[in-house]
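> Quick one: structure below, then a few questions.
Bear in mind these aren't lab numbers, they're just calculated from the coordinates by the rules spelled out. If you're wondering where the values come from, they're calculated on a predicted model, not measured in any experiment. Positions of Cβ are backbone-derived with ideal geometry, glycine not excepted, and every protein chain shown enters the neighbour counts.
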Amino acid sequence: MSPSPKPSRDRGQTDESLREEREKTDRAIAERQASVHEDADQVVQRARENADAVLTAARDVADQGLPTAAGGVPALSVVEGRETEDDTLRAERETADANLRREREETARALARLVPVERDKTDRYLLTERARSDKEIAQRDDFLGMVSHDLRNLLGGIVMSAVLLSDRADDSAAGALVQSEAARIQRLSARMNRLIGDLVDVASIDAGALAMTRSSGDGGKLVAEAVDIFRAAATAKGISLQLEVGAEGLLADFDHDRLLQVFANLLSNAIKFAAPNTTITVRCARDENALHFSVEDTGVGVPAGMLELIFDRFWQAGKNDRRGTGLGLYISRCIVEAHGGKIWAQSKVGTGTTLHFTVPTQCHSPLGAPTTIGH
């Protein structure tokens with residue numbers, strides 16, 4: 001059984017989002033309570049002001065028929081009686097205010113006890129679901145590892161058989177057909193092998209186990225190697241590959257094979273979407289403390305609202321587009337970010353797309369030490 005997946009960045013983002021939402025909820029509850037209390041206080045205040053006005057008016061009317069002392073003021077007995085009434089009214093209001101404050105405090109305490117209980121239930125449910133998910137992912141990874149190993153062995157046998165058939169074909173028309181079909185088998189096998197590799201890489205990223213080892217390398221030689229690998233595929237489609245490498249030092253610390261994988265994804269996409277008889281330009285230059293790579297094509301372009309989406313898992317140019325799995329750019333983003341770099345796209349519909357990514361010239365982990373990529 002594989003070890004349980006490491007905490008992923010997605011889960012960290014979920015936890016942070018949950019914390020932020022709870023803080024917003026707490027503020028909203030506090031603001032709502034304050035608003036309700038303020039409205040209630042205003043209603044009570046207006047009612048008391050109206051009652052006081054009615055009482056004052058009634059007393060004014062009553063004063064006209066009461067005996068008065070010197071100076072026209074009500075008699076002392078009347079004044080004392082009214083003071084007693086006022087004292088009683090104030091006491092009743094103070095008692096009512098105290099009861100209201102007590103009720104509000106009790107409500108607040110009850111809410112303060114209820115919210116943590118409900119949140120604790122949510123947290124326990126979330127942990128249970130994550131544990132179940134981790135177990136299922138571990139089982140999936142075990143199964144995927146075994147299946148991918150067996151599939152690659154079978155593909156290897158298919159490719160070897162295709163090569164043997166091609167080598168033994170004669171120069172006749174039938175032999176030429178055999179060679180053509182054998183080459184087709186090899187191309188399809190390569191595509192299947194790449195699909196298997198992408199699926200395994202995504203599973204490894206989810207589990208935080210995609211291995212990566214940095215070493216000192218030359219960015220210029222890296223892009224030259226990538227262009228050399230894809231030149232034949234581009235030429236077959238009538239596309240020219242152009243290489244532009246800066247003259248300054250292009251040394252950096254990176255995983256050569258993983259960055260070559262990034263270029264494989266970027267170049268295969270560019271070749272796939274570029275029109276025949278156009279040019280794809282691959283660039284590498286030093287940009288402050290990083291190497292800046294880019295792949296520019298003259299394809300159909302990507303709408304501005306989709307520039308961020310193209311790096312999402314399983315993204316396709318259209319819902320009916322089946323020219324890929326939609327995993328290449330996602331894996332590329334994970335690899336570049338694991339290097340401490342960033343990847344982004346610039347595009348104009350009808351003109352083309354440029355994919356950029358950067359890699360810091362120096363890494364913080366020891367060179368040659370294997371690290372893992374987790375998402």
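> Rounded to the nearest 10 degrees, what's the angle between the helix 173-206 long axis and the longest principal axis of the chain, both from Cα atoms, 0 to 90?
That works out to roughly 30 degrees.
> I would also like to ask the following. How do the peptides 225-237, 12-24 rank, highest first, by the average count of neighbouring beta carbon atoms within 10 Å per residue? Spell out each step's value before the answer.
Details: 225-237: 15.1, 12-24: 11.0.
The packing order, highest mean first, is 225-237, 12-24.
> Here's another thing I want to ask about it. Identify which of the listed values of Kirkwood radius over Cα pairs in Å was calculated from the structure shown: [x] 27.8; [y] 20.7; [z] 21.8.
Label of the calculated value: [x].
> Determine the shape class of the range 180-226: with a ≥ b ≥ c the square roots of the Cα gyration tensor eigenvalues, call it rounded for a/c under 1.5, and otherwise prolate if a/b is greater than b/c, oblate otherwise.
Cα axes put the range 180-226 in the oblate bin.
> Treat the count of other C-beta atoms within 10 Å as a stand-in for reagent exposure and order 39, 253 from fewest to most.
39, 253
> Give a residue-ordered list of calculated ³J(HN,Hα) values for the range 88-105 (Karplus: 6.51 cos²θ - 1.76 cosθ + 1.60, θ = phi - 60°; whole Hz; x for Gly, Pro).
So the Karplus estimates, Gly and Pro as x, are 4, 5, 4, 5, 5, 5, 5, 5, 4, 5, 5, 5, 5, 4, 5, 4, 5, 5 Hz.
> If you plug each phi of the range 264-271 into the Karplus form 6.51 cos²θ - 1.76 cosθ + 1.60 with θ = phi - 60°, what whole-Hz ³J(HN,Hα) values come out, in order, with x for Gly and Pro?
Each residue's phi maps through the Karplus curve to give 4, 5, 5, 6, 5, 5, 4, 5 Hz.
> Here's another thing I want to ask about it. Over the range 211-373, how many percent of alpha carbon pairs lie in each 5 Å bin up to the one with the longest distance?
Whole-percent P(r) values from 0 Å outward: 2, 9, 18, 22, 20, 15, 9, 3, 1, 0.
> Run the quick spin-label model on residue 11 and residue 349: label points 7 Å from Cα toward the beta carbon, then report their separation in nm to one decimal.
4.1 nm
> Sticking with this one: Here is the link list: 24/342; 272/348; 24/121; 272/342; 221/348. Which ones come out longer than 25 Å on Cα distance? Present the calculation step by step, with values, prior to reporting the outcome.
On the way: 24/342 31 Å; 272/348 17 Å; 24/121 19 Å; 272/342 23 Å; 221/348 30 Å.
Those over the limit are 24/342; 221/348.
> Let me ask something additional. Let me make sure I get this right: for the range 211-252, a, b and c are the square roots of the gyration tensor eigenvalues over alpha carbons, sorted descending. Under 1.5 in a/c it's rounded, otherwise prolate if a/b > b/c, else oblate. Which is it?
Oblate.
> Could you work out, for the range 186-276, what percent of all Cα-Cα pairs fall into each 5 Å distance bin, beginning at 0 Å and stopping at the bin that holds the largest distance?
Binned Cα distances yield the sequence 3, 11, 18, 21, 19, 15, 9, 3, 0.
> Now a separate question. Compute the label zone of residue 152 within the range 208-233: residues whose backbone N is under 18 Å from the point 7 Å along Cα-to-Cβ.
208-213
> Something else about it: Cα-based Rg of the range 61-200 per 2.2 N^0.38 Å, rounded to two decimals? Kindly include the intermediate steps, with their values, before the conclusion.
Details: Rg = 46.6 Å, N = 140, 2.2 N^0.38 = 14.4 Å.
In units of the 2.2 N^0.38 Å rule of thumb, it is 3.24.
> Enumerate the amide H contacts of residue 290 below 5 Å, restricted to partners 5 or more residues apart or on another chain; note that Pro and chain-start residues carry no placed amide H.
Residues meeting the amide H criterion: 361.
> Related question: Please arrange 356, 256 by how many other C-beta atoms lie within 10 Å of their C-beta, fewest to most. Please list the in-between numbers first.
Numbers: 356 19, 256 16.
With the sparsest Cβ surroundings first, the list reads 256, 356.
> Most exposed first by the Cβ proxy, i.e. fewest other Cβ within 10 Å, how do 151, 144, 210 rank?
The fewest-first ordering by Cβ neighbours comes to 151, 144, 210.
> I would also like to ask the following. With n ≥ 4 as the cut-off for DSSP H runs, can you work out [θ] at 222 nm for the chain, using -39500 (n - 2.57) per run divided by the number of residues, rounded to the nearest 500?
Rounded to the nearest 500, the figure is -22500 deg cm²/dmol.
> For the range 9-137, give the magnitude of the charge dipole about the Cα centre (Cβ charges: +1 Lys/Arg, -1 Asp/Glu; no others), in debye to the nearest 20.
Working: 24 positive and 32 negative charges, 160 e Å.
Dipole size: approximately 760 debye.
> Considering amide H positions built from the backbone, and no H for Pro or chain starts, which residues 5 or more places from residue 237, or on another chain, come under 5 Å of its amide H?
Correct list: empty.
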